[in-house]
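The values are calculated or read from the model by the stated rules, or taken from the named source; none is laboratory data. Keep in mind the model is a prediction, meaning the values are calculated, not measured. Positions of Cβ are backbone-derived with ideal geometry, glycine not excepted, and every protein chain shown enters the neighbour counts.
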Amino acid sequence: MNHGRETHWEKVYQTKAPDAVSWYRPHLETSIALIERTGAGHSSAIIDVGGGESTLADDLLARGYQNITVLDISETAIDVCKNGMGTAAGRIHWLVADVTRTELDTHAYDVWHDRAVFHFLTEPEQRAAYVRNVGRSVKRDGHVIVSTFGPEGPKKCSGLDVVRYDADSLHDQFGARFRLVDSSKELHRTPFGTTQQFLYCYCKVE
């Protein structure tokens, strides 16, 4: 594992409350709407990448989804999320891993969701490893929802450089196997009262 990246995120989550990071939202309404739009059934396998302190897993459980995996590089983030969910945490599969340095199971997931991880991958080899993991672990005819900072989004976040994307440049990272179904931009209001432009891309795996 890249211990520098792991240490960085451990420090972020150990020193900031879950609702004190810029990307925090009480509910990820756009993500939920896109996951519902996929038509995936309640028993479909959904992975939330970088979802350690997100509210998405909780909201998906509340909507009846039963097969949810949350992956995060930070054990602290996952522990905070588990504690917040109480007994419901036992219904989630938890993975502490760097998505660019772990090998996920083949054809394991119907839906891949990532809000605010991919834009931190500034090196081409990191992005290639990420895309390989998506290609290997998402089933054929599965769904991939990735959200990054848009063209007018921040250039840095949590002290790290990021890569900003429009729909074409983000889709180009994934390639022809991933058919772009839809894209949209969203102005996210941070807990500090500022706004960040996010881009959402929804693809189907051919």
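Looking at Thr69, Thr87, Thr122, which is the one that is of a type in the set (S, T, N, Q), at pLDDT 90 or above and touching a His at 6+ places or on another chain (Cβ under 8 Å)?
Only one candidate passes the filter, namely Thr69.
Exactly one condition in (1) among the β-branched types (Val, Ile, Thr); (2) surrounded by fewer than 19 Cβ atoms within 10 Å (Cβ to Cβ); (3) touching a strand residue (DSSP E or B) at 6+ places or on another chain (Cβ under 9 Å) is false for Ile32; which is it?
(3)
Looking only at the stretch 173-190, which residues are in contact with a helix residue (DSSP H, G or I) (Cβ under 9 Å, 6 or more places away or on another chain) and either assigned to a loop (DSSP other than H, G, I, E, B) or of a type in the set (Val, Ile, Thr) (or both)?
Result: Gly175, Arg177, Val181.
Which count do you get for residues in the stretch 36-56 that are touching a helix residue (DSSP H, G or I) at 6+ places or on another chain (Cβ under 8 Å), under 15 Å from Gln66 (Cβ atoms) and part of a loop (DSSP other than H, G, I, E, B)?
Number of matching residues: 0.
Taking the stretch 54-106 on its own, how many of its residues are in contact with a Leu (Cβ under 9 Å, 6 or more places away or on another chain) and of a type in the set (Gly, Ala, Ser)?
3
Go over the candidates Thr106, Thr76 one by one and state the one that is free of Cβ contacts under 8 Å to residues at least 60 places away in the same chain and either among the aliphatic types (A, V, I, L, M) or surrounded by fewer than 20 Cβ atoms within 10 Å (Cβ to Cβ) (or both).
Thr106
Could you please let me know if Tyr202 is under 20 Å from Val70 (Cα atoms) and either without any contact (Cβ under 8 Å) to a residue 60 or more places away in the chain or of a type outside the set (Val, Ile, Thr) (or both)?
So Tyr202 fits the description; yes.
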